[in-house]
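Have a look at the structure below before the remarks.
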Amino acid sequence: MPMSQDFKDRLLTNLPAITDHFGTPFHIYDETGIINTGERLKKAFRDVEIFREYYAVKALPNPEILKIMQQMGFGFDCSSGSELLLSRQVGGRGDDIMFTSNNTSQKEFEAAARDGGCILNLDDITLVDKVPEMPELICFRYNPGAERHGNDIIGSPEESKYGVSKDQIVTAYRKAQERGARRFGIHTMLASNELNYEYMVTTAQMLLEMIEHIQAELDIPFEFINIGGGLGIPYQPDQQEMNLEAMGRETTELLKAFKTRNGYMPALYMESGRYMTGPHGVLVVRAINRKEIYRTYVGVDACMSALMRPALYGAYHHIDVVNPQDPAKHEIVDVVGSLCENNDKFAIQRELPVVTDGDLIIMHDTGAHGHAMGFNYNGKMRPQELLLKTDDSVELIRRAETYDDYFATLNFERKSLKI
Ligand SMILES: *Cc1c(COP(=O)(O)O)cnc(C)c1O
C-alpha cells in the first residue's frame, strides 16, 4: 500500500498539465496527505497531556514543507547547522527546535545557542564539559546497548555510535545539574522504518523506566521523553501499515500509569521524518531509452542523484507506468539512470508493463530521505521539487540544479601556502 489512491487520483488527473509546464524529472509532494497524516498523529496521542512531533528536517529539508509542519503545531528535529538555519528561517525558535547532533563541534554548539537557542540533546557525557554554556533545559540521547535490538538501516544499539550508555546516564545528568541545568528531558532513537508498533511502545516504556531510575538517584523531574523517529511505512504493496492508533493507545496507558506512580506526566515528543512525508511524495520521470542486451533496461531521465535509497540500501520503491500502450503486456526489466555506477538502478528485475520511450514513470514513497539524500557525484544534478497544494495548484518549491550550482564551489579566492 505505497502512494495513497487519493494522491494518485489527484496527481494523474493533472499530470499532463504538470509535466507540460514544469518538465521532468521532479519530486512532487502532496500537501493534503501530509496534513492528514499530521492530524492522524495528533489524534492518536490526543490523551497525552502534552504531545509534540518534531519533524526530522533531514528527511525533506524544504522551507515550504517545514511551514506545513509549523501550521500543525509541530517543531523541528535538526542535526546540523544548516538544518538549524532552515528551521529558524521559517520561524522556529527555542522549544520549537530540538538539536540532536553527534560528534558535535564547537561551531555547532554555537549555532545551536544562536537566535533564541533550542532544546539541546547531548550525544555523549564528555559534551557536558564542552558545551560553551549549559542551557537551563538539557536532554541526553540514551543508548541502551545490548538490551535492545535495532534493525537493518540503523544497526544494533550496541554497535551504534550514538548516545550515552546505560553506565554513564545517571552521571551525565548529575554533571549537567552541577553545570547549572535545571530542567531535563531524555531522548532515544533505536529503529528506522519499523512497522511493528510494539517496538515503539517498548521504547517509550524503556525511557519511562529510565527516568524513574534516574529520579531515584538524583531527584530531578523530567519534562519530556522523546522516543525519536523510525516509524515505518509500507514500501512494498503487500506490507501492512504500522498500527498508529494502537501505538497511541498503549503509549498513553504507559504515561498514565507513570503519572499514577510519580504524580506527573512528562510530555511525549517524537521526531518522525519518514512517517510524516514518505508516502506523500513521488518521483516522476520520463523513459528516454530502451536497451536490450542480456537484460532489458529502461533508461529514465533521472538517476540516483534524485533517489539514493535503492542503491544505498537495496530499498524497494514501487513503480507505476502511466498509461502504458498495452497495460496487459508485462516484462521484467531494470529501471536505470545515467550515472556511471552499475548500482544506479531504481528497480532490478522488476515486472512492469512494457515501457515505451516517452512514457511517464512514477516512483512511490520519495517524500522522505529522497531528494535530500541526493549527491553530485559524476556531475549529476538534483531535480526540482514541486508541491501539490490543497487547492490543487502546483508550486515549484525548489528549482532543479544547474551547471552554475555545480561550478559554484570552484569560484573562490585563490589561496596557497609556500613551504
Ligand atoms: C533520521 C533521524 C530521524 C528521522 O528518522 P525517520 O526514520 O525518518 O523517522 C529522527 N531522529 C533522528 C535523531 C534522526 O537522526
Worksheet item: With every protein chain kept in the model, how would you rank L417, L85 by accessible area, 1.4 Å probe, largest at the top?
Response: L417, L85
Fill in: Positive-end residue of V131, L190, T203, charge dipole of the chain with Cβ unit charges
V131
Item to complete: On a 0 to 90° scale, report how tilted helix 169-178 is relative to the longest principal axis of the chain, with both axes built from alpha carbons and the result rounded to the nearest 10.
Response: 60
Worksheet item: At a 1.4 Å probe radius, carbon and sulfur cover how many percent of the accessible area of the range 31-277?
Response: 44
Item to complete: Count neighbours as other Cβ atoms within 10 Å of each site's Cβ, and list the trypsin sites (Lys or Arg not before Pro) in the range 71-148 that are DSSP loop with at most 15 such neighbours.
Response: R93, R114, K130
Worksheet item: What list of whole percents do you get for P(r) of the range 182-312, with Cα-Cα distances grouped in 5 Å bins up to the one holding the largest distance?
Response: 2, 8, 15, 17, 13, 10, 8, 7, 6, 5, 3, 3, 2, 1
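Keeping every protein chain present and rolling a 1.4 Å probe, give me the accessible area per residue for the range 128-179 in Å².
Per residue, the range 128-179 has 55 Å² of solvent-accessible surface.
Based on the Kirkwood radius over alpha-carbon pairs, what value in µm²/s does the Stokes-Einstein equation return for the translational diffusion coefficient of the chain at 10 °C and 1.306 mPa s?
The estimated diffusion coefficient comes to 69 µm²/s.
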Worksheet item: Amide H to amide H under 5 Å from F26: which residues, 5+ apart in sequence or cross-chain, H placed 1.01 Å off N in plane?
Response: V284
Discussion item. Can you work out the Karplus-derived ³J(HN,Hα) for every residue in the range 256-263? Use 6.51 cos²θ - 1.76 cosθ + 1.60 with θ = phi - 60°, whole Hz, and x for glycine or proline.
Written reply: 5, 5, 4, 4, 4, 6, 10, x
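Calculate the dipole size of the chain relative to its Cα centre from +1 charges on Lys and Arg beta carbons and -1 charges on Asp and Glu beta carbons; express the result in debye to the nearest 20. Write down the numbers at each step before the final one.
Values: 44 positive and 61 negative charges, 170 e Å.
Dipole of the chain, to the nearest 20 debye: 820 debye.
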Discussion item. Could you work out the pair-distance distribution P(r) of the range 31-277 from its alpha-carbon pairs, with 5 angstrom bin width and percents rounded to whole numbers?
Written reply: 1, 6, 14, 18, 21, 18, 13, 6, 2, 0, 0
Worksheet item: Per residue, what accessible area does the range 278-408 have, given a 1.4 Å probe and all protein chains present, in Å²?
Response: 46
Worksheet item: Residue-wise, which Karplus ³J(HN,Hα) couplings in Hz belong to the range 128-144, taking 6.51 cos²θ - 1.76 cosθ + 1.60, θ = phi - 60°, and x for glycine or proline?
Response: 4, 8, 9, 5, x, 9, 6, x, 5, 9, 9, 10, 10, 8, 9, 10, x
Fill in: Most to least accessible of K418, K345, K8 (protein chains only, probe 1.4 Å)
K418, K8, K345
Worksheet item: In the structure displayed, which of K58/K291; K130/K418; K130/K161; K42/K345; K161/K418 lie more than 30 Å apart, Cα to Cα?
Response: K58/K291; K130/K418; K42/K345; K161/K418
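Give the ranking of H21, H364 by solvent-accessible surface, highest area first, calculated with a 1.4 Å probe.
The most accessible residue leads, giving H21, H364.
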Practice prompt. Per residue of the range 273-283, in order, report the coupling 6.51 cos²θ - 1.76 cosθ + 1.60 (Karplus, θ = phi - 60°) as ³J(HN,Hα) in whole Hz, putting x for Gly and Pro.
Written response: x, 3, 5, 6, 10, x, x, 9, x, 9, 9
Worksheet item: If amide H atoms are built 1.01 Å from N in the plane of the peptide, which residues on other chains or at least 5 residues away come under 5 Å of the amide H of D301?
Response: R286, I288
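The values are calculated or read from the model by the stated rules, or taken from the named source; none is laboratory data. Note that the structure is a prediction, hence the values are computed from the model and not measured. No Cβ is skipped: glycine too gets one built from the backbone with ideal geometry, and neighbour counts run over all protein chains shown. For the accessible areas, the whole protein counts, side chains as well, though only heavy atoms, and no ligand, DNA or RNA atoms are used. Shrake-Rupley method; radii C 1.70, N 1.55, O 1.52, S 1.80 Å.
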